[in-house]
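A short reminder: the numbers here are calculations on the coordinates, not readings from a lab. Predicted model, so just to flag it, every value in this text is computed and none were measured. When we count neighbours, we look across all protein chains shown, and the Cβ atoms used for this are built from the backbone with ideal geometry, even at glycine.
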Amino acid sequence: MRYRIKLALILISMLIWGVSYPVVKILLNSGMQPITLATLRNLIFIPLLFYILAGKRYARYSRSDVILCVALAFFTVFLPNISQNIGMKYTSASISSVIQSTSPIFTVMLAFIFLREARTLNKIVGSLVGLIGTVFLTTGGSFDFDATVFGNLLILISSISYAISGILIKVALSRIDPLDLLCFEIIFGFFMLLIPNMALEDLSAVISLSFDVWIYILFLSVFAGFLASIMYYMVLREEEISYLAIFSYLIPVFAIISSYIMLHETLGVKEIFFTMVILSGIVITELGR
């Protein structure tokens, strides 16, 4: 794949994921239940399930591959969707995007432990700087536990979950076709979400959703959930995850701009400062790769 095509695919993916933050916030503000939203945004599993069954794509992979896909569904779809959606009920779309942009820091930490990657000075210093910035942004600079801090902590859980999934995805792409991998993730993830959705929330509310709400859900499902992911996987299959992590810094930029346009959100001086600390830590970490 040519470099310009790769660059275009990655930039489009980052833009779509950035815009998805204010879209999720709009849906939550409209009264949509968080787990129901997580389930509905994975409704694209229906045509994907047909693709997998009709083409007998499942027959190409071993039991260990399927188990890997189930693990990916948990860390890529189930856990981050639930924690993000519940968390964003209590915090802003802009702050959510910044906290989730810390995934590369946690990826480095996990790589130290599980992949036995070298502990360079850049990685250690960058991880510490980014972690300190994350702690202060999450807590608002104080350690009084309130609803906002609770929401930020849930967003942080989703960031750590994405860091775990990033390592698993890189391993999976060496054995599984990108489109097949995404299909398995979404299908397994949908059924994981459906169980707590039916147990904890009123699914009958889906019937009364407005046309505008369904348009937003369609965007999250088709564009953020499927198209952006498949474009990212296509490039990740040929590039190192550390290379693509640099582009993930654009997600909070796109999210903050789109949140300002769509929700009129703004960041305070403290939030801007802590955001810069986090991004500095990520940059330092990536320079050591």
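With a requirement of 1 or more residues that are under 18 Å from residue 46 (Cα atoms), the helices (runs of 4 or more DSSP H) lying completely within the stretch 129-226 that satisfy it span 178-200, 211-218. Against the conditions (1) in contact with a helix residue (DSSP H, G or I) (Cβ under 8 Å, 6 or more places away or on another chain); (2) closer than 27 Å to residue 207 by Cα, residue 46 satisfies every one except (1). Suppose the filter is closer than 24 Å to residue 247 by Cβ, among the hydrophobic types (A, V, I, L, M, F, W, C) and touching a residue at least 12 places away in the same chain (Cβ under 8 Å); does residue 220 pass it? In short, yes.
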